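Worksheet: one structure, shown below.
The values are calculated or read from the model by the stated rules, or taken from the named source; none is laboratory data. Only a predicted model underlies this, so the values are computations on that prediction, with no experimental measurement involved. No Cβ is skipped: glycine too gets one built from the backbone with ideal geometry, and neighbour counts run over all protein chains shown.
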Amino acid sequence: MRWKEIERILDRDTEWSGILEEYDRTGVMPTRRVRCDFTLSAQSMARLKEESKRTGKKPSRILDEIIMGRLSCH
């Protein structure tokens, strides 16, 4: 692939650019998903469902974005 094509793809899709940067850094594709169980308050769950409806994103994707956004800021 030519460098200009790579730059165009990375500019167009920032989510994939972050994934590829993580892969370059660690050698592991961060797209692998892990199923887990945890407990949320009823109020948190209601807000999560509300945000899911509003954005059309799955609740797990919203949680991923929140967690990764907060962790990368430190």
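Given the structure, is Pro59 surrounded by 10 or more Cβ atoms within 10 Å (Cβ to Cβ) and either of a type in the set (Ser, Thr, Tyr) or modelled with pLDDT of 85 or more (or both)? Criteria met by Pro59. Do you know which of the residues in the range 3-55 that are modelled with pLDDT under 80 and assigned to a loop (DSSP other than H, G, I, E, B) is surrounded by the most Cβ atoms within 10 Å (Cβ to Cβ)? Going through the qualifying residues, I end up with Pro30.
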